[in-house]
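This report refers to the structure that appears directly beneath it.
The values are calculated or read from the model by the stated rules, or taken from the named source; none is laboratory data. Because the structure is a prediction, the values reported are computed rather than measured. All Cβ positions, even for glycine, are placed from backbone atoms using ideal geometry, and neighbour counts span all protein chains on display. When the accessible area is computed, the model is the full protein with side chains, heavy atoms only, and any ligands, DNA or RNA have been set aside. Shrake-Rupley method; radii C 1.70, N 1.55, O 1.52, S 1.80 Å.
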Amino acid sequence: MIELPDLVAGGLAAGTLSALALGGGLLRLRRQQARQRAEIAALRTQLDGSLRAFTAEVEHLAGRRVPAAARQVAHPHVPEPGPLQPLTTGTPLGIALENVVLALQSEVAAQRTRVDAAAQAGMRGATREIQAALYRLQDALRGLQQRYDDPELAQTLFRLDHENEQSLRRAQVTAVVCGAWVGLAREESHLVDAVTGGQARLAGYHRVQVHNHLETGTALVSHAVEPVAIIVAELLDNALRHSAPDTDVVVSLEHVHHGVCVTIDDAGLGMTRDERDRAQRLVAGDDLILLTDLGDPPRMGLAAIGRLTRQFDLGVDVSSASPYGGVRAVLRVDSHLLSRLDPADRPPAASAPRTTRKAAADRPAPSHAYGTETGAPEPAPGHHEPTDADGLPQRRRRTRAAAPEESPAHRPAQGAARRPEEAAAALGALQSGTAAARAAAENAGAGPGSTPADRTGETDHTDHTDHTDHTDHTDIEGEAAR
């Protein structure tokens, strides 16, 4: 039989062991909780750091990257900053932020194109109204030129007509840049007339020297006449604006293998490499033309050239320098845009420079003998060159044959560069003489037996110039010169 003290001692021992086990478990639980609290604190600190980094990255995206990306759409040279934390590059967060930038640029470019198209449509409609008003003013001025014979009034009307012509050219160029048609439909014309027609639209036309080396009768097909005149006018305007007022701009018309080239050389400041590259991109017509890219105020000349070269399959190059230190611009007209006119039926304008190329019948036969020269007399049969004492032929100095004197009918007109005042005075004198002769003829025909039918054969000196053709100021001067 177990005694009571032994039972108490066993119970105490068991309780002690249980208390010790329970204390050990509680201690382990406390240590585990401490570790968990430390891990939670570390994770919370890490989360707070990531949140602050993400917030800073988003703020950097909104404050710097998005504005730079929007500006880069219009100005590609503007640098775009990268992410604030380089370590995010390539991560899901970095890829997501980069997609935001790309989507923004795409949407800005689309909206920019849409807004510019709307602006071009509005300007196209406005320029149509302006062109119509200027054409009506042009008709009125030419009607006054035909009606009145006063030289001073004729001079004033010529000056006003030329100012109106320049305004009409600017409106036409603006319409072309905005996607409108060139505005005029012409018949086939001599290429030299298209060039001088473009020259006549400029304020400094007297500074342009045109050298015509084309074959007589070289012409443009109808739909290429007005585009060529516009392109020549804009290239000449560029050359005149960027060269000193006391220098000339030289224009040469030459045949090439694939057609005809119109070369324009100025003695201006020239262009830097970047300016030349940008100008070449504009005249090539490959890039999308936006009004906001043309400056303030917009410079539309090269942009209009780019539109026309793309529409009418023409070629323009402004990438080289001229021999005079300025810029050389070359307009190439391919053979499919060329035609031929009979000069006897439809001669070029009287003020157009005459060609320096001789007719095929007047050209000397080519000589293939070595050392011979065109124009040198051929030795008669049986004739031998003099020899020296050793029997070797002696050299003889060759002289060029004198050029035949040019007949007055084939000489170039000396008054092609006359001033508008001189042309107006000459035209006024011509009209005064015409009116006097007409009055004398009427007085002589008013005698006995005369009837109105007898006077129907009188010459009508009224100018029947087509009012849709607004490029013939030089033709009017040529008529005055005649």
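Being more than 21 Å from PRO298 (Cβ to Cβ), touching a helix residue (DSSP H, G or I) at 6+ places or on another chain (Cβ under 9 Å), modelled with pLDDT under 90 and surrounded by 14 or more Cβ atoms within 10 Å (Cβ to Cβ) narrows it down to one of GLN120, GLN131, GLN145, so name that one.
Within the list GLN120, GLN131, GLN145, the selection yields GLN145.
Can you tell me which residues in segment 191-218 are farther than 16 Å from VAL256 by Cβ and either over 23 Å from the mean Cα position of the chain (by Cα) or of a type in the set (Ser, Thr, Tyr) (or both)?
THR196, TYR205, THR216, GLY217
Looking only at segment 98-112, count every residue that is surrounded by 13 or more Cβ atoms within 10 Å (Cβ to Cβ) and under 26 Å from the mean Cα position of the chain (by Cα) and tell me the total.
Total meeting the criteria: 2.
Would you call GLY125 open to solvent by less than 60 Å² (accessible area, probe 1.4 Å), touching a Ser or Thr at 6+ places or on another chain (Cβ under 6 Å), modelled with pLDDT under 90 and in a helix (DSSP H, G or I)?
Considered against the rule, which asks whether it is open to solvent by less than 60 Å² (accessible area, probe 1.4 Å), touching a Ser or Thr at 6+ places or on another chain (Cβ under 6 Å), modelled with pLDDT under 90 and in a helix (DSSP H, G or I), GLY125 comes out as no.
Say whether the condition of being closer than 30 Å to ARG357 by Cβ and of a type in the set (Ser, Thr, Tyr) is met by at least one residue in segment 272-282.
no
Check segment 178-191 and report whether any residue there is open to solvent by less than 30 Å² (accessible area, probe 1.4 Å), within 19 Å of VAL316 (Cα to Cα) and not basic (Lys, Arg).
yes
Of the numbered conditions (1) in a helix (DSSP H, G or I); (2) free of Cβ contacts under 8 Å to residues at least 40 places away in the same chain; (3) basic (Lys, Arg), ARG299 fails exactly one; give the number of that condition.
The one condition ARG299 does not meet is (1).
Looking only at segment 282-291, count how many residues are in a helix (DSSP H, G or I) and under 12 Å from CYS178 (Cα atoms).
Qualifying residue count for the region: 1.
Looking at ASP161, ASP139, ASP150 in this structure, which one is surrounded by fewer than 18 Cβ atoms within 10 Å (Cβ to Cβ), more than 29 Å from PRO67 (Cα to Cα) and in contact with a His (Cβ under 8 Å, 6 or more places away or on another chain)?
ASP139
Looking at segment 66-102 only, could you name the residues that are within 16 Å of SER50 (Cα to Cα), in contact with a helix residue (DSSP H, G or I) (Cβ under 8 Å, 6 or more places away or on another chain) and assigned to a helix (DSSP H, G or I)?
THR88, LEU93, GLY94, LEU97 - these are the residues of segment 66-102 that are within 16 Å of SER50 (Cα to Cα), in contact with a helix residue (DSSP H, G or I) (Cβ under 8 Å, 6 or more places away or on another chain) and assigned to a helix (DSSP H, G or I).
Quick check on this structure: which one of ASP334, ASP313, ASP345 is surrounded by fewer than 16 Cβ atoms within 10 Å (Cβ to Cβ) and either hydrophobic (A, V, I, L, M, F, W, C) or farther than 18 Å from VAL256 by Cβ (or both)?
None of the other options fit; the residue is ASP345.
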